Structures are given as structure tokens and as C-alpha cells.
Amino acid sequence: MIDELTGRARRTFRALRHRNYRLFFAGQGLSLIGTWAQQVAMSWLTWRLTESAVLLGVVAFCANVGMLALGPAAGVLVDRIDRRTGLLVTQSLLMLQALTLTAVTALGIVQVWHLVALALFLSVAQTFDVVLRQSSYVMFVEDRADLANAIALNSMMVNAARVIGPAVAGLLLAVTSEAVCFGINAASFLFVLFALTRIRWPAHVPPPSGAGWWPSFVEGARWAFGFAPARALLALVAIVSFTIVPYSSLMPIYAKVHFAGGPQTLGFLLACAGAGALIAMLWLAGRDSVRGLGRAIALAALASGTALALFSYMTLFPLALALMVPIGGGVTLAAASSNSILQTIVDDKLRGRIAGFYTLAFLGVAPLGHITAGAVASAISVQNAFLINGLACALGGLLFLRALPGLREHVQPIYRRLGILPDD
């Protein structure tokens, strides 16, 4: 029994045997706790200042709109620059944003326009940072077979921080102020900056001379939208992002109005979603390969949508907490599994551009979902907004499940070439 558990643990965390990945994992993990604490504090501050569902959606939209506007362009840039330098720049800019947010909040001069402007700055810097990180995993593991595990462990790290960060934010908001959460986030970037300087990066190989931006973009777009499995994966990720992700920006309404709670209530709700995502990522990291993930993606979208629909009119807080687990777990499993498949089957020369399109589908579509959900919540209630979104996501999962047999036929030759499937 002990040997079996030890073997499973080694399989689940096998990407950590690579020095570069260990450094990245540790530095990024600490930084992400601060990121999630800031996100919760920013939502709470927006609601405290305005008590407006629309403005909650607006601030969330601004925090992610860069992904929508710049995701594919960021992918083209990432395939042309030194990733180490790029990450050092983006992480420094994110730290600057957190420091500025700390200052205006601590001084008591913060206004809604500050939150909007700083959210926009955050979204631009974060767009390039996310694409850089998504396309760098292959550089952090010497054995390409560990790439999918590295992506899964990264998602697990994100969601461990998603459990810890909101819980920390809820406690801090109860006894201090939003400025403390923002300050913790600013300080947390020191860890990831240190890790980036210690990683042994491969030499940067510039693209062939004469490779222009537009032809590079078209080359990536042709693969992303012309190859049926990539197109279907990106479409489902976009559906999940548009319908499920907005729950985070509207959750302060549930915490304060429907459950008559405070920041601790908000922290518990978001932490349960993070716990669900963490469980899902532990399962994903423990898998040997990407084989069979298509069905898991479809069922994850179906489960997340169904749970959100059930949550919409839930009045019992313990049951609401329980429903947050599949909501968070489903959306994360669908997105991370899709990214694992995409990064496994794409050619190295297109890796940054496909990471850009994935970022557009997952994080770029999210601001549209946030602002739409905020408007719908103001017009016909937040419960109806959650109900409609949940049912739409569940339908997307069913459609993907129906298309799965045809998509497998396109992917299987690539899996055989990579040794994931045995040759016939």
C-alpha cells in the first residue's frame, strides 16, 4: 500500500524532478497566493465603494480585456523574443501595479476610476505574462513526456493559491483593510523574480529573417481554427470562460446580500471553488498521458454548468459551498486539459501563438462574460444570470461530447507519431 502511494505521488509530481521547473513552481506558487488575495480584495473594494453589480462587471472586464484585445498578438511576440527577459519585464510591471494599488488604497484616496485604470494596466501586462508562461513549460522540463504533467501541476499550483489566497484575503479584510492584501501581492512578486533569475534558460533562437508579424499570425490562426480538434477545444474553452468564470466577479453579491455575510463568506465561497479546482488538478497530474482527456473535458464542462445552475437559487449556505466545488473543479479541468492537449500536439515553432489563442479563448473571453453577466444580473437578477450561464455551459459540454469521436480520428495520428499511442 505504501509503495503504491509512493509510486502515485512520484507520478503525480514527476515534473518537479526538473530543476528549472522546481524553481518556477516555487516562485510562481508563492506569488499566486498574493494574486488571488488581491483579486478578492479588489472585488470587495469595488462592491464596498459602489454596491453596483454593473461596476463589479466593469472592473472585472477591465482586468481581463487585454487578453481579448492582445492575446493572439502576444503569441506572435512571444515566439520572437527571449522568454526570460520577457517574463522579468512582465512580472516587474505586475509588481508595480500592485504597489500603486496599495498606495492609493492605504492613503484613502482610492476611487472607482483608480480601480478601472489599474485593472486595465494589469490586463495588458498579464496578457503577455500568461502567454510567456504558457509557452515556457517546454523549457522547464528536459523530458518532453513530462510536459503535460508540468501544465497540470501549474494548474494545481494556481488553484492551491486559489484556495489559500481568498481565505487569507477574507481574514485580512475582516481585521485590516484591502491595502494590506494589495501590499502582500506586491511583495510576493519578489519570489518569482528571484526564481526567474536562477532558471537555466536555453539560448534564444530568433525566428527566420523575413518572417513578418502578419504571416506569423496567419500561420498560427490557420492551425488554431483550421485543425478541427484545436478549433473544438478552443471553442469549448471560450464557452466555459464566458459562462462560468463570471461567477467570481458577482460572488460578492451572493456573499453580502443572499447569505447576509461579509468578506469571510466571500472567501469561503471562492476557496471552495479553488478546492474543487485543486482536486481536479491532482487527478489530472496523476494521469500518465493526455490519452482520454477529451471525454474528461466534455464531462467537466457539463458538471460545472449543471452545478452553477443549481447554485443560482440555492439558499442553504452549506449546500452552496458544496456546489462551488464542482463549479471550480469543472471549469479548471476543462481549461487545463484542453491546454495540455493543445501544447502536446502543436509544433514547437507555433507554441507561443497557440498559447496566445488559448489565452484569448480562456482569459480573453472572460471579460465579455463578466460584463454581460453583470448587465444581466442588474436587469433580471443575479440568480437568473447564473441559471442561464450554467445551462449554456452544460449544453456546450454535451455538444463537445457528441463531436468527440470525429475529433479523435484527427488527433490519433499525432499521438502515434509522438509515441502516446502505439503504432498500428
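The values are calculated or read from the model by the stated rules, or taken from the named source; none is laboratory data. The shown structure was predicted, so the numbers you read here are calculated from the model rather than taken from an experiment. Using ideal geometry, Cβ is built from the backbone for each residue, glycine included, and neighbour counts are taken over all protein chains shown.
Here is how the numbers come out for the structure above:
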item	result
Among (1) more than 23 Å from residue 52 (Cβ to Cβ); (2) surrounded by fewer than 23 Cβ atoms within 10 Å (Cβ to Cβ) - the single one residue 256 does not satisfy	(1)
Residue 63 small (Gly, Ala, Ser), under 16 Å from the mean Cα position of the chain (by Cα) and either at pLDDT 85 or above or surrounded by fewer than 24 Cβ atoms within 10 Å (Cβ to Cβ) (or both)	no
Selected residue [in a helix (DSSP H, G or I), aliphatic (A, V, I, L, M) and under 21 Å from residue 160 (Cα atoms)] from 309, 271	271
Matching entry among 355, 375 (being in a helix (DSSP H, G or I), in contact (Cβ under 8 Å) with a residue 12 or more places away in the chain, closer than 19 Å to residue 223 by Cα and hydrophobic (A, V, I, L, M, F, W, C))	355
Residues satisfying the stated conditions in the range 276-298, i.e. surrounded by fewer than 20 Cβ atoms within 10 Å (Cβ to Cβ), of a type in the set (A, V, I, L, M), more than 20 Å from residue 231 (Cβ to Cβ) and at pLDDT 85 or above	279
First in the range 52-68 and more than 15 Å from residue 252 (Cβ to Cβ), second anywhere and basic (Lys, Arg) and at pLDDT below 80, Cβ under 6 Å, 6 or more apart	none
Residues (over 15 Å from residue 145 (Cβ atoms) and among the β-branched types (Val, Ile, Thr)) located in the range 276-301	279, 297
Hits in the range 172-219 - residues which are at pLDDT 85 or above and touching a Pro at 6+ places or on another chain (Cβ under 9 Å)	172, 173
Number of positions in the range 135-154 that are surrounded by 24 or more Cβ atoms within 10 Å (Cβ to Cβ) and part of a helix (DSSP H, G or I)	8
The range 274-306: number of residues that are assigned to a helix (DSSP H, G or I), farther than 24 Å from residue 242 by Cβ and not hydrophobic (A, V, I, L, M, F, W, C)	0
Test: residue in the range 84-100 that is among the charged types (D, E, K, R) and more than 16 Å from the chain's Cα centre (by Cα)	yes
Pairs where the first residue, in the range 386-411, is part of a helix (DSSP H, G or I) and the second is of a type in the set (D, E, K, R), C-beta under 8 Å, 6+ apart	401/295; 404/295
Residue count, the range 324-345 (criterion: buried (at least 24 other Cβ atoms within 10 Å of the Cβ), at pLDDT below 90 and in contact with a Phe, Trp or Tyr (Cβ under 8 Å, 6 or more places away or on another chain))	1
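Residues are listed down the side, and each one gets a yes or a no for (1) of a type outside the set (S, T, N, Q); (2) part of a loop (DSSP other than H, G, I, E, B); (3) within 24 Å of residue 222 (Cα to Cα):
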residue	(1), (2), (3)
69	yes, no, yes
73	yes, no, yes
81	yes, yes, yes
100	no, no, no
108	yes, yes, no
